[in-house]
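So the structure is just underneath, and the comments pick up after that.
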Amino acid sequence: GFTIGVAGGIMDTFYKHLDCVVQVSTSKVCFVPFVVALLSGLSSAVLYVYDTTYGHNFLRKYVPDDVVFNVFVVFGGLVAGFRTSHALSRYTDAAQYLHKLNACWYDSASTL
C-alpha cells in the first residue's frame, strides 16, 4: 500500500530527473565541452604512461612545483566559492523583489 506508493513516487521523480539529465547531456552545449575534456584527459593519461613506462621523466621538467599547483587550486576554489555566493545573493534578491511586486499587485487589486 503506502510504501509501494511512496517508492513509486520516488522512482517517478528519479526517472524524471534522469530524463532531464539525459536531455541536457546530449545537447550540443554539454557535448562539446565533454569531448574536449575527454580528449584532454586521454592525452594527459597517454603522456603520463609514456613518461613513467619508458623512464624519460620529461614531465618533471615542465610541471611546476607542488606549491604552485596548490596555490592555484586554492585560488580557483576561492574564486568559485565567492562567485557562487554572489550569484546566490543576486538570485535571492530577485526572488524577494518578485514577491514584493506580487504583494503590491495584490494590494492595488484589493483596493479596487
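The values are calculated or read from the model by the stated rules, or taken from the named source; none is laboratory data. The structure displayed is predicted, hence computed values, not measured ones. Quick reminder, even Gly has a Cβ in these numbers, built from the backbone with ideal geometry, and neighbours come from all protein chains shown. Each accessible area value is taken on the protein alone, full model and side chains, heavy atoms only, with ligands, DNA and RNA left out. Shrake-Rupley method; radii C 1.70, N 1.55, O 1.52, S 1.80 Å.
Structural remarks
Yes/no per residue for (1) open to solvent by 90 Å² or more (accessible area, probe 1.4 Å); (2) at pLDDT 85 or above:
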{"residue": "Val49", "(1), (2)": "no, yes"}
{"residue": "Val63", "(1), (2)": "no, no"}
{"residue": "Asp66", "(1), (2)": "yes, no"}
{"residue": "Gly77", "(1), (2)": "no, yes"}
{"residue": "Gly81", "(1), (2)": "no, yes"}
{"residue": "Thr92", "(1), (2)": "no, yes"}
{"residue": "Gln96", "(1), (2)": "yes, yes"}
{"residue": "Cys104", "(1), (2)": "no, yes"}
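- Complete set of residues in the range 51-61 that are assigned to a helix (DSSP H, G or I) and surrounded by 10 or more Cβ atoms within 10 Å (Cβ to Cβ): Asp51, Thr52, Leu59
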